[in-house]
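All remarks here apply to the structure that follows.
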Amino acid sequence: MSPYALSMLMSSLAVGTVITMSSHHWFLAWMGLEINTLAIIPLMTKMHHPRAAESATKYFLTQATASALILFSTTINAWMTGEWTIVNMTNHTPTVILTLALAIKLGIAPFHLWLPDVLQGLNMLTCLILSTWQKLAPMALMMLTSHQLSANLLIAMALMSTIIGGWGGLNQTQMRKIMAYSSIAHLGWMILVISFAPSLALLNLLIYLVLTSSMFLMLMTLNSTNTNKLSISWLKTPTLAASMMITLMALGGLPPTSGFLPKWLILQEMTKQHLGALSAMMAMSALLSLFFYIRLSYTISMTSPPNISNSSLTWRKKKNLTYVIPTLIVMSATMMPITPTLLLLN
């Protein structure tokens with residue numbers, strides 16, 4: 001792809017997200033979402049492969065359906081209230097339709113089936129953009145309307161997302177599908193608490209962005225697309241393979257990594273809301289995700305592939321590691337000490 005076309009598409013992605021996040025009018029927010037969707041389609045199809053074309057088609061149809069539902073719900077709301085402002089969603093019917101539309105855009109269960117298939121057909125860089133940057137605009141709209149959305153509907157979708165995200169990743173060997181189910185499970189934790197404490201949902205989103213970006217960048221550096229390739233990563237770059245284990249533990253939510261921080265605070269908030277049974281179910285569903293993260297760590301550290309040569313080390317290509325990956329790895333592992341500060345701010 002031409003550098004000029006690539007820069008134009010990346011600029012359109014940024015502009016679309018900024019328009020949606022800074023708008024107060026529903027039509028302007030919808031326009032930003034459309035710019036975002038149309039800008040990423042050429043990035044998906046630049047690989048010139050039937051799987052890439054299939055992924056782009058599935059993504060376009062799903063996002064077009066969600067955008068139509070958003071426009072439909074906001075039009076009904078404007079017809080009932082006479083206003084197009086985002087924060088004024090007072091009627092039940094358009095609020096429910098909007099919740100379902102944003103769930104489709106984000107890939108929250110039970111509207112999650114498009115996400116693993118779409119990610120599997122793309123290259124790692126586009127998967128990174130789709131799993132991180134493309135979540136910002138719909139999540140911003142969900143946070144702006146969080147005080148008006150149906151809490152019971154969000155809780156039901158959150159519990160379903162964490163269970164399906166953990167269950168679906170158990171038998172996967174492709175890293176892109178595993179990261180897709182990981183994304184579904186993390187989104188479940190975000191929308192669980194968004195009605196009660198939007199600041200915690202924002203914290204969870206930021207830590208999710210750091211962990212997912214770190215994981216995808218390491219997979220791109222090691223060129224690992226499945227668990228078989230992952231098992232020889234310690235022969236290529238031992239330091240990066242060890243760092244990947246820390247990031248996987250953070251994604252699973254094990255202390256003292258950064259991934260434990262949002263889960264701890266969210267469960268604490270749920271118990272304050274007298275939702276102890278729901279907190280217990282969410283904690284148990286997190287164990288499903290933790291299992292396949294530990295399985296990946298075992299694959300990286302404790303398995304050795306068949307080796308026909310006498311040397312135990314493979315030929316190592318020189319990796320041009322930037323400062324981005326080490327910074328993200330450090331943030332993945334060392335954000336727990338800021339917990340008292342966050343509790344004071346909250």
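The values are calculated or read from the model by the stated rules, or taken from the named source; none is laboratory data. Not measured: the values here are computed from a predicted model. Don't worry about glycine lacking a Cβ; one is built from the backbone with ideal geometry, like all the others, and counts go over all protein chains shown. Side chains included, ligands, DNA and RNA excluded: accessible areas come from the protein's heavy atoms. Shrake-Rupley method; radii C 1.70, N 1.55, O 1.52, S 1.80 Å.
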*Could the peptides 12-19, 61-68, 245-252 be put in order, highest first, of the mean number of other beta-carbon atoms found within 10 Å of their residues?*
245-252, 12-19, 61-68
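Would you calculate a helix-derived [θ] at 222 nm for the chain, using -39,500 (n - 2.57) for each DSSP H run of n ≥ 4 and dividing by the full residue count, to the nearest 500? Walk me through the numbers before you get to the answer.
Working: 17 runs with 253 residues, N = 346.
Result for the chain: -24000 deg cm²/dmol, rounded to the nearest 500.
More than 22 Å apart: what percent of Cα pairs in the range 159-268 qualify? Don't skip to the end; give the middle numbers.
Details: 1967 of 5995 pairs.
Here the tail beyond 22 Å accounts for 33 percent of pairs.
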*Which number comes out as Rg/Rh for the range 104-172 once both Rg and the Kirkwood Rh are worked out on C-alpha atoms?*
1.00
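Relative contact order for the chain: what percent, with Cα pairs under 8 Å and sequence separation of 6 or more? Before the final figure, lay out the partial values.
On the way: 469 pairs, mean separation 50.9, N = 346.
The value is 15 percent.
Whole number in Å², please: accessible area per residue of the chain, 1.4 Å probe, ligands, DNA and RNA not counted.
44
Take the alpha-carbon positions of the chain, form their convex hull, and give its projected area averaged over all directions (one quarter of the hull surface) in nm².
The Cα convex hull of the chain, projected and averaged over all directions, gives 18.1 nm².
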*Compute the signed sum of charges (Lys and Arg +1, Asp and Glu -1) over the other residues within less than 13 Å, Cβ to Cβ, of Leu128.*
+2
*asked:* If you consider only alpha-carbon coordinates, what radius of gyration and Dmax does the range 247-287 have, in Å?
replied: 10.5, 32
*Roughly speaking, to the nearest percent, how much of the range 163-243's 1.4 Å accessible area is carbon and sulfur?*
63
_Counting all C-alpha pairs of the range 42-87, share separated by more than 13 Å (%)_ = 63
*Taking a quarter of the surface of the Cα convex hull of the range 150-345, what do you get in nm²?*
11.3
*Mind checking which of Ser231, Gln63, Gly168 is farthest towards the positive end of the chain's charge dipole, using Cβ charges of +1 (Lys, Arg) and -1 (Asp, Glu) about the Cα centre?*
Ser231
*asked:* Tell me the carbon and sulfur percent of the accessible area for the range 1-99, rounded to whole percent, probe radius 1.4 Å.
replied: 73
*How big is the range 1-140 in terms of Cα radius of gyration and Dmax, in angstroms?*
15.5, 48
